Structure formats: C-alpha cells, structure tokens
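What follows is a set of notes on a single structure, which appears directly below.
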Amino acid sequence: MNLSSIRVITGDIKRLVQFYENVTDQPFTWYTDDFAELRTSSGALAIGSTRTLAFFGGSDIASAASNKSVIIEFYIDNVDDKYKHLANLPDMKVVQAPTTMPWGNRSLLLRDPDGNLVNLFTPVTQEAQKRFSGMK
C-alpha cells in the first residue's frame, strides 16, 4: 500500500493553490475549476473547492479552514534558503523560523491562508538523511 495524496478542502482554491505554488516552486495541474493537484515522486497534494464535497455526500462531510491536527510536510533541499525567500513574501505567516529538531530535521513551520500548518524540512543529521535517502 502507498499513500497517494492528501486533499485539502478550501473556500478559496485559487488563493490556496497560489500559496502552495509559491512554497514549493512547482506548478499545480488544474483538472477542473474546483480541483488542482501537485504530484511528487512520493505522493500528491490535492486541493479541492468546497463544491467538490457534493461528490462525497454533501457539505457536512468536511469543513474548509478548520484543521487543528494535521501538518502538511515537504522535504526540500535547503530550508534556510527557502526561509530567506518566503519570509519576504506578503501575507506569509511564519510560525517558526528554521529550527533543528531532535529527530534530525531542520524545519520551517508556516500557516497557509486557510490556517493549515505547513512544515518545510531538510534532514541534517546522518540518521535523518538515511531515513529519507531515496526520497528525492
């Protein structure tokens, strides 16, 4: 079994896709006006508008901008360089500047426009690098 994707439901899909394109420096593929996706070698981040909830049974299935427990994480080449770039963008909400975590990743924690936590990280210890070898 493989994790295929994480899907975020939003009331403003254009704004959220633009945020993630800025953070990842990668374009999303738009399949409809209500669904876009960023594919990586290990999975995908999908973003759907609230209108897509109708396909799953109605608007009571999920609530946009209400996540309080999930962190969306991206493995990147250099978290410190990314921080220098992102910190200057308007409306970028930095929760924690690059910090080396006890498990060996250097992490930058942000909030997307819907309030979801986003962690950009670079493995910096030998053990962490080994854990993520073959991922990039």
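For segment 89-99, does any single residue satisfy the condition of being free of Cβ contacts under 8 Å to residues at least 40 places away in the same chain, assigned to a strand (DSSP E or B) and among the charged types (D, E, K, R)? Yes, there is a match, as at least one residue in segment 89-99 is free of Cβ contacts under 8 Å to residues at least 40 places away in the same chain, assigned to a strand (DSSP E or B) and among the charged types (D, E, K, R). When segment 58-79 is filtered for residues that are of a type in the set (D, E, K, R) and either without any contact (Cβ under 8 Å) to a residue 40 or more places away in the chain or in contact with a Ser or Thr (Cβ under 8 Å, 6 or more places away or on another chain) (or both), the ones remaining, listed by number, are 60, 68, 77. Per the listing 59, 133, 107, 41, the residue uniquely small (Gly, Ala, Ser), modelled with pLDDT under 95 and touching a helix residue (DSSP H, G or I) at 6+ places or on another chain (Cβ under 8 Å) is 59.
Output yes when any residue across segment 66-77 is buried (at least 17 other Cβ atoms within 10 Å of the Cβ) and either more than 19 Å from residue 44 (Cα to Cα) or more than 16 Å from the chain's Cα centre (by Cα) (or both), and no when none is. No, segment 66-77 contains no residue that is buried (at least 17 other Cβ atoms within 10 Å of the Cβ) and either more than 19 Å from residue 44 (Cα to Cα) or more than 16 Å from the chain's Cα centre (by Cα) (or both).
The values are calculated or read from the model by the stated rules, or taken from the named source; none is laboratory data. Source: prediction; values computed, not measured. Cβ sites come from the backbone with ideal geometry, for glycine too, and all protein chains shown count toward neighbours.
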